[in-house]
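The structure appears below as structure tokens.
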Amino acid sequence: MRTLKSILSFLAVVVVGVVLALGIRTFVAEVYEVPTGSMLETVQLGDRLIGEKISYRFRDPEPGEIVTFEDPEGSGQTLLKRVIATEGQTVELIDGVVYVDGVALDEPYVDGKPSDPIPFDGEGGGISYPYVVPEGCIWVMGDNRTNSRDSRYFGAIPVDSVTSRAVAIFWPFEDARIL
């Protein structure tokens, strides 16, 4: 009898642990591994980061925030980019500089790399500027502007495709910091 009670107690702890873990991952926060170098030097290829999911239940992403979202091209990857503009704002790329509503952005995180349009390649790109971000969407770009498939390639993304707001890098330890 004592053995059965111990086994049931152990199983209850395991079930509660699994339910809590799944609940946290689904509704609170998730760990992501950065799959590309599109956010260099802000976030390194292979960094592990925490994306929190609560704030976007109460508000939409804001310019400057780093967000995770499902690849709009259907690769199944979760992508990481910076929000540049929100619905109704106008984005222009002029001489390597990003303008939102006619104001040049101060973007020290691009490390001096130009923000040029991505030429049409038969698949993506070919976005016409000035571009007005549609309702319910955001414009996202990688910080590594010369090596990033972003809204310049696939257009604005729906806000409801955003899965989290990147808040901290936790691994490797030498890269650990709040974003």
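The values are calculated or read from the model by the stated rules, or taken from the named source; none is laboratory data. Computed from a prediction, not measured in an experiment: that's the story for all the values here. Note that we place each Cβ from the backbone using ideal geometry, even for glycine, and neighbour counts take in every protein chain shown.
Summary table below
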{"quantity": "Subset of segment 110-154 (residues that are in contact (Cβ under 8 Å) with a residue 60 or more places away in the chain and assigned to a loop (DSSP other than H, G, I, E, B))", "calculated": "Asp111, Gly142, Asp143, Asn144, Ser148, Arg149, Asp150"}
{"quantity": "In segment 73-104, residue nearest to Cys137 (Cα to Cα) [restricted to those that are among the polar types (S, T, N, Q) and in a loop (DSSP other than H, G, I, E, B)]", "calculated": "Gln89"}
{"quantity": "Every residue from segment 144-177 that is of a type in the set (Val, Ile, Thr) and over 15 Å from the mean Cα position of the chain (by Cα)", "calculated": "Thr146"}
{"quantity": "Any chance Phe10 is touching a helix residue (DSSP H, G or I) at 6+ places or on another chain (Cβ under 8 Å), aromatic (Phe, Trp, Tyr) and more than 19 Å from Trp171 (Cβ to Cβ)", "calculated": "no"}
{"quantity": "Count of residues meeting criterion [closer than 16 Å to Ser164 by Cα, exposed (fewer than 15 other Cβ atoms within 10 Å of the Cβ) and without any contact (Cβ under 8 Å) to a residue 40 or more places away in the chain] in segment 32-75", "calculated": "8"}
{"quantity": "Qualifying residue in segment 134-153 (condition: modelled with pLDDT of 95 or more, surrounded by fewer than 17 Cβ atoms within 10 Å (Cβ to Cβ), among the small types (Gly, Ala, Ser) and out of contact with any Leu (no Cβ under 8 Å at 6 or more places or on another chain))", "calculated": "yes"}
